[in-house]
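Here is the structure we will look at.
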Amino acid sequence: MLRVEVSRQLGEFSIEACFANEGRVTGLFGASGAGKTSLINMIAGLLRPDRGIIAIDGEVLDDTAAGLHIPPHRRRIGYVFQDARLFPHLDIRQNLDYGRRMNRLAEDPALEARVTDLLDIGGLLDRRPGRLSGGERQRVALGRALLAQPRLLLLDEPMGSLDEERKVEILPYLVRLRDEANVPMVYVSHDAGEMRQLATQVVMLRRGRVVAFGGTEVLPGT
Amino acid sequence: MFEISPTEWTAILLSLRVAAVATLVATPLGIALAWLLARREFWGKSVLDALVHLPLVLPPVVTGYLLLLTFGRRGLVGGWLADHFGIVFAFRWTGAALACGIMAFPLLVRPIRLSIEAVDRRLEQAAGTLGAPPWRVFLTITLPLALPGVLAGMVLGFAKAIGEFGATITFVSNIPGETQTISSAIYSLIQTPDGDTAALRLVVVSIVIALAALVGSEWFARRATKRLHGN
């Protein structure tokens, strides 16, 4: 379980958010500029809260009162960015293997096979990121994050930079990921339709504040 | 005319050795410093930056003389190194390498720094979330992506080290077989009667070395860029 209770000033803008995730996929929903990305950057450890606590499965990752801040590389929290961020100098196989090597995990061919099948990226292994389409890149980024065996997966509008056609291509993979990968996720989006299909629980953000919390019925237009 | 004499060979080989050693020792230091300047904010950063560039703007004779004062037998550092480790720079080829390394340093650091600055920090962040501690992020992401700049810096540094004259001759003099590089050999030859042909031969040799270095670096840089841009 993830527990977040943080505040952070960013120029004129401030974030004050408090929520806990229990479901498989917590959706962080809000318009752009609502503070969604800053919030998951804090969960990932890329941004330090001014005040507050972040804990996962009882382990405290940030506690400003105690001066505690675990750096990103020791959090075991996967992050899929909007702009895939594949390493351009490594081929797809090496990109996928990066997290395993950095965490000094044993090779696990069964897991690799399962993830490459799940995301249908087996045919891309020997290619370079530069030769991939946007959708393929995003699938590889998902696989790369999963193969680091995270205890939580953050997804920051993973379809945000894709056109409608590509979105339709990626969405089924995300649904499969939710149902089969067995990793809790925090999914950021401003698209209510996407949220309805993926999230099991929704945190609605507006101008840095949590304005609603609950099942997908809190989404607008329901 | 094109017969290179043994003395000239000695000067050519010495120049290559001095420049190679200077470049190889300066490169790791240059990478560390370039990273500091590109990626860290700290007190005294602008002073450090100015110090690195100083040999570029100081008269070489001044740098050479300062080296003599510091690393000479009776110099503060030179005396200590000689007493404790038996390392002597004054009037040795190692001193020539030190002078060349210091003179080449600003030219070496600059392209490396620029290429590290050009590495997308978001990729470094991504590597961090995948479990890589900062030093491994540097070794597996930043450094490989900055490689074309590192190679460019090494070639520029090497070229500068091969051509260095003022600081070297001031610090370690012009001793054939020990500290007489191509540049100081040319200098001696044009001051001797009938030295012109020999001087010209060395001039041709320096042009060939410089061109080879440029072509080589261009080739490396193109290969590296191709490799890094994911095609």
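Only the coordinates and a few stated rules stand behind these numbers; no lab work does. Keep in mind that this is a model prediction, so the values were computed, not measured. Using ideal geometry, Cβ is built from the backbone for each residue, glycine included, and neighbour counts are taken over all protein chains shown.
Brief remarks on what is shown
- FRET efficiency estimate (nearest 0.05) - Cβ-Cβ, A:Ala110 to B:Val215, R0 60 angstrom: 0.75
- Neighbourhood net charge (15 Å Cβ-Cβ; Lys/Arg +1, Asp/Glu -1) for B:Thr27: +3
- Cα-based radius of gyration for the stretch B:131-180, normalised by 2.2 N^0.38 Å, reads 1.86.
- In chain A, the longest principal axis of the Cα atoms and the axis of helix A:92-102 are about 50 degrees apart.
- Translational D in µm²/s for the stretch A:107-185 (Stokes-Einstein at 10 °C, 1.306 mPa s, Kirkwood Rh from C-alpha pairs): 122
- Nearest 10 degrees, 0 to 90: helix B:76-85 Cα axis against chain B principal axis: 90
- Dipole check for the stretch A:42-118: with +1 at the C-beta of Lys and Arg, -1 at the C-beta of Asp and Glu, and the Cα centre as origin, the magnitude is about 200 Debye.
- Subtracting the Cα-Cα distance of B:Leu36 and B:Val203 from 0.36 nm times their residue separation leaves 56.3 nm of extension gain.
- Degrees between helix B:93-118 axis and first principal axis of chain B (Cα, 0 to 90, nearest 10): 30
- As a proxy for reagent exposure, A:Asp97, A:Asp62 were ordered by neighbouring Cβ count within 10 angstrom, fewest first; the result is A:Asp97, A:Asp62.
- Rg followed by Dmax, in Å, when the stretch A:143-214 is reduced to its Cα trace: 12.8, 34
- Taken along the Cα-to-beta-carbon direction at a fixed 7 Å, the label points for A:Arg176 and A:Arg93 span 2.2 nm.
- Available extension along the chain between A:Asp57 and A:Arg101 is 13.4 nm, counting 0.36 nm per residue and deducting the alpha carbon span.
- Among A:Leu171, A:Cys18, A:Ala145 the positive-end extreme of the charge dipole of the protein assembly as shown (Cβ point charges): A:Cys18
- A Cβ-based charge dipole, computed about the Cα centre of the stretch B:82-231 with Lys and Arg at +1 and Asp and Glu at -1, lands at about 720 debye.
- Our analysis of chain A gives Rg over Rh at 0.96, with the two radii drawn from alpha carbon positions and Rh computed by the Kirkwood formula.
- Of the GluC sites (Glu not before Pro) found in the stretch A:59-114, the ones in coil according to DSSP and having at most 16 other Cβ atoms within 10 Å of their Cβ are A:Glu107.
- Where only C-alpha atoms are counted, convex hull volume of the stretch A:2-119 per residue in Å³: 154
- Gyration tensor (alpha-carbon) shape descriptor, the stretch B:75-231, a/c threshold 1.5: oblate
- For the stretch B:88-155, the pair-distance distribution built from all alpha carbon pairs, in bins 10 Å wide starting at 0, is 21, 33, 24, 16, 6, 0 percent.
- Relative exposure of B:Val47, B:Val204, judged by other C-beta atoms within 10 Å (fewest first): B:Val47, B:Val204
- Assuming charge only on the beta carbon of Lys and Arg (+1) and of Asp and Glu (-1), the dipole of the stretch B:1-101 about its Cα centre is about 280 debye to the nearest 20.
- Trypsin sites (Lys or Arg not before Pro) restricted to DSSP loop in the stretch A:85-114 with at most 10 other C-beta within 10 Å: A:Arg104
- Residue among B:Met154, B:Ala96, A:Gly221 farthest towards the positive dipole end of the protein assembly as shown, charges placed on Cβ: B:Ala96
- A simple spin-label model places the labels of A:Arg48 and B:Arg222 4.8 nm from each other, with each point 7 Å out along Cα-to-Cβ.
- Kirkwood Rh and Cα Rg combined as Rg over Rh, evaluated for the stretch B:58-130: 1.26
- With R₀ fixed at 22 Å, the C-beta to C-beta distance from A:Glu12 to A:Asp191 puts the FRET efficiency at about 0.25.
- Computed lengthening from B:Arg122 to B:Glu178, 0.36 nm per intervening residue step minus Cα-Cα distance: 15.2 nm
- Count Lys and Arg as plus one, Asp and Glu as minus one, and take only other residues whose Cβ is under 14 Å from that of A:Leu10; the net charge is then +3.
- Using only alpha-carbon positions in the protein assembly as shown, the gyration tensor eigenvalues give semi-axes of 58, 25, 17 Å once each is multiplied by 5 and square-rooted (largest first).
- For B:Asp49, the shell of other residues with beta-carbons less than 11 Å away shows a net charge of +3, using +1 for Lys and Arg and -1 for Asp and Glu.
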